Every structure is written in structure tokens, then in C-alpha cells.
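Take a look at the structure below.
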Amino acid sequence: MKPSTTTKASTLAWTWLPAVLLSLLALPFISVETNTAWFKAWNQAGQILPAAFWSGVTNLGSTGGAFALLTGLLHRRPRWAAAALLAAPAATVFTHALKKFFSEARPAAVLPPEQITIIGETLKANAFPSGHSVTAFGIAAAVALCCVARGRQRLAWFALAIAVLAAFSRVVVGAHWPLDILVGGAGGWLCGALGVWWSARWRFWERSLGLRVLAVILGASAGWLFFDDLGYPQGTWAQYCLAVLGLTGALYALFRSFGRTGRS
């Protein structure tokens with residue numbers, strides 16, 4: 001069945017509006033004074049919740065953590081993982097090209113210790129943009145756009161909310177300025193939209209072999225979380241939970257792929 005006009009309009013809006021809004025929100029933060037003032041406010045406000053919570057949330061925004069979350073649903077929603085994986089090259093180029101070009105200092109390198117709360121490792125270089133935010137919004141776009149295309153906007157809003165929380169955690173742990181997460185989010189969203197577009201044309205995820213390849217790649221990524229040092233020891237509870245979820249999802253998808261093809 002072809003998508004309705006309403007569904008097409010919703011998909012178009014979801015493809016561009018989040019990235020445009022994030023970009024517009026980023027404009028005031030080009031001012032160093034505004035960027036610094038809002039960083040201090042957000043960094044302090046976040047401390048109302050324990051460090052273990054924010055460490056876990058920020059680990060969710062790591063590449064391995066985000067993909068492990070999708071891998072848990074691989075058998076039922078292989079297109080989500082496929083779109084995210086296809087978005088990864090663009091997201092990687094976007095993140096590292098800007099980091100190398102701007103070489104912006106992080107808050108810990110600029111502010112005195114009494115004006116900042118650091119959770120986890122202390123990072124000082126390559127602030128712009130936030131790689132975690134690129135990942136979080138890229139994954140969110142992959143999920144949201146796939147959901148909107150099927151008329152499931154509630155899931156799209158939920159994915160967007162999780163991305164916002166993961167990006168915000170980067171300010172709370174003292175790793176990024178507000179400008180970093182907003183620009184990272186905008187770029188990540190567009191990369192995720194590109195992955196969704198590509199997954200609609202290269203539909204390898206509909207075939208059993210394609211699902212097996214996804215399961216092996218993402219299962220290995222999830223397994224590595226057991227050994228990877230993400231820099232937030234207080235968030236290992238989330239790291240290990242994601243590793244178990246991802247491995248379980250990958251093994252289940254691999255097992256089921258020998259009987260039937262996964263669904264979109």
C-alpha cells in the first residue's frame with residue numbers, strides 16, 4: 001500500500017524540521033558569553049540527579065551503546081539498524097572533519113574547576129561538535145523516520161526525547177558546550193535521514209543473508225562493550241545492560257534468520 005499524502009507530509013516534516021530547529025537554537029550560542037552562561041546553568045541544574053544516572057545516559061549516546069540498543073530489536077525492526085549503520089559513514093565524516101577543523105577547547109580547558117562539575121573522565125580538546133549528540137540524533141532519526149513512514153509518530157517522539165536526554169547529558173557531565181550538542185544534533189539528524197533514504201533503496205536488510213550480516217556486525221559491537229572503556233565508570237551498569245541486550249538481540253536475530261526473513 002502506498003503512503004498517504006498525510007504520511008508523506010509527516011515524513012517530509014520529520015526529515016527536515018528537527019535539524020532546522022536545532023540549527024536555529026544553536027545560533028544564539030555562537031556568542032561565547034551566552035554559550036558559557038548556559039553551560040554553567042545546565043551543568044549545575046543536572047546535578048539534581050545522581051552521577052550514575054548521567055553516566056549511564058551518556059553511555060547510551062556512545063556509538064556502541066546506541067547500536068546495542070537497536071540490536072536488541074534487530075529481529076523485529078532490522079531497518080532501524082540498517083538505516084543507522086548506513087548513516088554511520090556520513091556521521092563519522094561530519095564529526096571528525098569539524099573537530100579537526102575547529103579544534104575547540106572543552107569546558108574543562110577553559111573554566112576554573114570551581115565553576116564546573118566533571119563526571120567521568122576530564123576531556124579538554126576537540127569539543128565541536130559533540131560526537132555523542134551526532135550519534136544520538138542520528139539513531140533517533142533512523143528510528144523516527146522509519147516509524148513516521150508507518151504512521152507511528154508516538155515512537156518517533158520517544159526516540160527524539162531519548163536523543164535530547166543523551167545530548168543534554170554531555171553538558172551535565174562537563175564534556176561539551178551547548179553549541180556542541182545543538183550542532184551535533186542537527187548534523188546527526190540529517191545523517192540519520194540519509195541512512196533512512198539509503199535503506200529504502202538498498203534493501204539488504206529484508207533478506208536473510210543481510211539480516212545475518214547485521215547480526216554479526218552489531219553483535220560484535222555489543223560484545224565489545226564488555227571490554228571497552230567509555231570513560232564513565234559510574235555508568236557501567238548501563239554499559240553492561242546494553243551489551244547484554246545487544247548480544248541477546250543479535251543472537252536471536254541470527255537464529256531466526258535461518259527460518260525466515262526479519263520485518264521492516
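Checking each residue in region 210-233 for being closer than 30 Å to Lys124 by Cα and touching a residue at least 40 places away in the same chain (Cβ under 8 Å) picks out Ser221, Ala222, Trp224, Leu225, Asp228, Leu230, Gly231, Tyr232, Pro233. Taking the criterion of being touching a helix residue (DSSP H, G or I) at 6+ places or on another chain (Cβ under 8 Å) and either of a type in the set (A, V, I, L, M, F, W, C) or not in a loop (DSSP other than H, G, I, E, B) (or both), the residues of region 111-127 that qualify are Leu111, Gln115, Ile116, Ile118, Ile119, Leu123, Ala125, Ala127. One residue alone among Val148, Val110, Val134 is more than 22 Å from Gln234 (Cβ to Cβ), out of contact with any Gly (no Cβ under 9 Å at 6 or more places or on another chain), surrounded by 20 or more Cβ atoms within 10 Å (Cβ to Cβ) and of a type outside the set (Gly, Ala, Ser), and that residue is Val148. When Thr117, Thr95 are checked against the criterion of being polar (S, T, N, Q) and within 18 Å of the chain's Cα centre (by Cα), Thr95 stands alone in meeting it. For Ala161, the test of being outside any loop (DSSP other than H, G, I, E, B), under 12 Å from the mean Cα position of the chain (by Cα) and surrounded by fewer than 24 Cβ atoms within 10 Å (Cβ to Cβ) is passed.
Pairs, please: C-beta under 8 Å, at least 6 apart or cross-chain, first residue closer than 19 Å to Gly185 by Cα and in region 149-163, second among the aromatic types (Phe, Trp, Tyr)? Sorted first by the residue in region 149-163, then by its partner, the pairs are Ala156/Trp14; Ala163/Phe137.
Which one is surrounded by the fewest Cβ atoms within 10 Å (Cβ to Cβ) among residues in region 164-183 that are touching a helix residue (DSSP H, G or I) at 6+ places or on another chain (Cβ under 6 Å) and not in a helix (DSSP H, G or I)? For region 164-183, the residue satisfying everything is Gly174.
One line per residue, one yes/no per condition, for (1) out of contact with any Asp or Glu (no Cβ under 7 Å at 6 or more places or on another chain); (2) of a type in the set (Ser, Thr, Tyr); (3) part of a helix (DSSP H, G or I):
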{"site": "Ala82", "(1), (2), (3)": "yes, no, yes"}
{"site": "His96", "(1), (2), (3)": "yes, no, yes"}
{"site": "Lys100", "(1), (2), (3)": "yes, no, yes"}
{"site": "Ala105", "(1), (2), (3)": "yes, no, no"}
{"site": "Pro129", "(1), (2), (3)": "no, no, no"}
{"site": "His132", "(1), (2), (3)": "yes, no, yes"}
{"site": "Ala144", "(1), (2), (3)": "yes, no, yes"}
{"site": "Cys147", "(1), (2), (3)": "yes, no, yes"}
{"site": "Trp157", "(1), (2), (3)": "yes, no, yes"}
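Could you tell me which residue of region 17-58 is surrounded by the most Cβ atoms within 10 Å (Cβ to Cβ), considering only residues that are in contact with a Ser or Thr (Cβ under 6 Å, 6 or more places away or on another chain) and within 22 Å of Ala156 (Cα to Cα)? Out of the qualifying residues, it is Thr58.
If only residues of region 225-263 that are modelled with pLDDT of 95 or more and polar (S, T, N, Q) are counted, the one that is surrounded by the most Cβ atoms within 10 Å (Cβ to Cβ) is Gln239.
The values are calculated or read from the model by the stated rules, or taken from the named source; none is laboratory data. Keep in mind it's a predicted model, so treat the numbers as computed, not measured. Note: ideal-geometry Cβ built from the backbone for every residue, glycine included; neighbour counts use all protein chains shown.
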